[in-house]
Amino acid sequence: MTISFTIADMTVHRIIEQEVPFFPALQVLDGLTPELLAENRSWLRPKALDAEDMLILCFQSYVVRTPHHTILVDSCIGNHKPRPTRPTWHDKTDDRYMRGLAAAGLTVDDIDIVMCTHLHADHVGWNTRLDNGRWVPTFSKARYVFGEQEYRHWAAAHAKAPVAAFGDSVLPVMEAGRADLVGMAHEIGDHVRLLPTPGHTPGHVAIRFGRGRDEVVMTGDLIHSPLQARFPAMSMRFDTDPAEAAITRRAFLERYCDTATLCCTAHFPSPSVGRIKRWDDGFRCEAVG
C-alpha cells in the first residue's frame, strides 16, 4: 500500500509493509495502568488500539523526492529474515513492499540514498535481499547512510553476541562498500538534516527535510503510539534508556508543536502523518491525509 503527498518542492510516499496489532499496551508502556488505559480507550479505538488492548502499529518506509535526490528512510522488515520472536516478520516472503514501491512509480534502482533513523530489525530489513544464499544490498545504486554512533553501538553488541538484524541487514551493506558512517551534524545538500534523538537507541536520529525550514520530519522510534504523545513520559520498555527517551520525546514534541512541520511517524496507525498540537500537558498528532 502506498500513500503520497506533496509539500513545498518535495513529494513524500508512504510504503506500508504491515499494519497490525503488535504489542499488549499494558505490557510495553511504562506508567500505563489499567485505569489510565480505560480513561483513554475511547479515543484510541479502533485505529490505535484493538479490542484486546493491543497497540496497532504500522511498519513502513518513507520515500522523499527532493529536487536533488530520491531518499528512502527506514527500510522496514524485509523478506527471508529469521526473526523467530516476531511471528509477523519471521521468514516473510510476500511482495507487498515491492508492490508499494511500484505503486509509487519506483524501482529499487531509483533510490539514491537509504537513511536509517536507527538500526533495529524493522528499520533495516529491506537494506538487503537474499541472492543465491548471500545477503546483498537491495538498493544497489544507493548510498546507505548510518549514524556512526548507532553503528558503533550495534557493532560492539554484535561482537559479543550475534545481533541478527545487524548481521543480515547492516554488515552486508558495509562489506559491499555502499555505506557512509556520519556524525550527528550530517547534511545532504540543502534539503536534508539529522536531528539527534537518543533514548530508544543511543544513536537514534530523526531526519528533517526542507529547504530553509523543516517542512517534514521523520520521527523514527522516538515515539511509537499516539498514547505517548498524550503522555510523553510514557516510554517503551524496550527503549535502551527509557528516561532519556522520555526527555527526547517531550523536547521533540515541544519543538514542533503548533508549527507547520509535518511529522511522519514510523509506527502510528494510518494515516501516520500529522501536525503536533498541544493537549493539556501533552500533545496530539493532528492527522493529515
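Hey, could you check the range 108-123 for residues that are touching a residue at least 40 places away in the same chain (Cβ under 8 Å) and β-branched (Val, Ile, Thr) and say which is farthest from Val73 (Cα to Cα)?
Ile111
Assuming Leu55 fulfils every condition listed in (1) under 21 Å from Ala165 (Cα atoms); (2) surrounded by 22 or more Cβ atoms within 10 Å (Cβ to Cβ); (3) touching a Ser or Thr at 6+ places or on another chain (Cβ under 6 Å) apart from one, which condition is it?
(1) is the only condition that Leu55 fails.
Wholly within the range 1-120, which strands (runs of 3 or more DSSP E) include no fewer than the required count, namely at least 3 residues that are among the hydroxyl-bearing types (Ser, Thr, Tyr) and within 17 Å of Val273 (Cα to Cα)?
The qualifying strands (runs of 3 or more DSSP E) are 2-7.
Ser4 fails exactly one of the following numbered conditions: (1) more than 20 Å from Arg65 (Cα to Cα); (2) surrounded by fewer than 16 Cβ atoms within 10 Å (Cβ to Cβ); (3) among the small types (Gly, Ala, Ser); (4) in contact (Cβ under 8 Å) with a residue 40 or more places away in the chain. What is the number of that condition?
Only one criterion is unmet by Ser4, namely (1).
Looking at Gln27, Gln18, Gln60, which one is surrounded by fewer than 18 Cβ atoms within 10 Å (Cβ to Cβ) and among the polar types (S, T, N, Q)?
Only one candidate passes the filter, namely Gln27.
Might you check whether a residue that is of a type in the set (Lys, Arg), free of Cβ contacts under 8 Å to residues at least 40 places away in the same chain, surrounded by fewer than 22 Cβ atoms within 10 Å (Cβ to Cβ) and under 25 Å from Thr6 (Cβ atoms) occurs anywhere in the range 239-252?
no
Of everything in the range 150-170, what is touching a residue at least 24 places away in the same chain (Cβ under 8 Å) and part of a helix (DSSP H, G or I)? Give them in sequence order.
The answer is Glu150, Tyr151, Arg152, His153, Trp154, Ala164, Ala165, Phe166, Asp168, Ser169.
All but one of (1) crowded, with 22+ Cβ neighbours inside 10 Å; (2) of a type outside the set (D, E, K, R); (3) farther than 18 Å from Pro172 by Cβ hold for Trp135; which doesn't?
Of everything listed in (1) crowded, with 22+ Cβ neighbours inside 10 Å; (2) of a type outside the set (D, E, K, R); (3) farther than 18 Å from Pro172 by Cβ, Trp135 misses just condition (3).
Of all the residues that make up the range 96-107, how many are of a type outside the set (Lys, Arg), surrounded by fewer than 17 Cβ atoms within 10 Å (Cβ to Cβ) and without any contact (Cβ under 8 Å) to a residue 40 or more places away in the chain?
3
Quick one: in the range 258-271, which of the residues that are buried (at least 16 other Cβ atoms within 10 Å of the Cβ) and among the hydrophobic types (A, V, I, L, M, F, W, C) is nearest to the chain's Cα centre (by Cα)?
Only one residue fits best here, namely Ala266.
Take the range 26-36 and flag every residue that is closer than 16 Å to Ala233 by Cα and more than 25 Å from the chain's Cα centre (by Cα).
Those that are closer than 16 Å to Ala233 by Cα and more than 25 Å from the chain's Cα centre (by Cα): Thr33, Leu36.
Can you tell me which residues in the range 142-160 are within 13 Å of Leu171 (Cβ to Cβ) and within 18 Å of the chain's Cα centre (by Cα)?
Residues satisfying the conditions are Tyr144, Phe146, Tyr151, Trp154.
Starting from the range 38-52, take each residue that is closer than 15 Å to Arg284 by Cα and list its partners that are surrounded by 13 or more Cβ atoms within 10 Å (Cβ to Cβ) and aromatic (Phe, Trp, Tyr), counting only C-beta distances under 9 angstrom and pairs at least six apart or across chains.
Asn40/Phe231; Lys47/Phe268; Ala48/Phe268
When only residues in the range 272-289 that are of a type in the set (A, V, I, L, M) and surrounded by 15 or more Cβ atoms within 10 Å (Cβ to Cβ) count, which is farthest from Asn40 (Cα to Cα)?
Val273
So Gly212 clears everything in (1) of a type outside the set (A, V, I, L, M); (2) at pLDDT 95 or above; (3) not in a strand (DSSP E or B) except one condition, right? Which one?
It fails just one condition, (2).
The values are calculated or read from the model by the stated rules, or taken from the named source; none is laboratory data. Given the structure is predicted, the values throughout are model-derived calculations rather than measurements. Don't worry about glycine lacking a Cβ; one is built from the backbone with ideal geometry, like all the others, and counts go over all protein chains shown.
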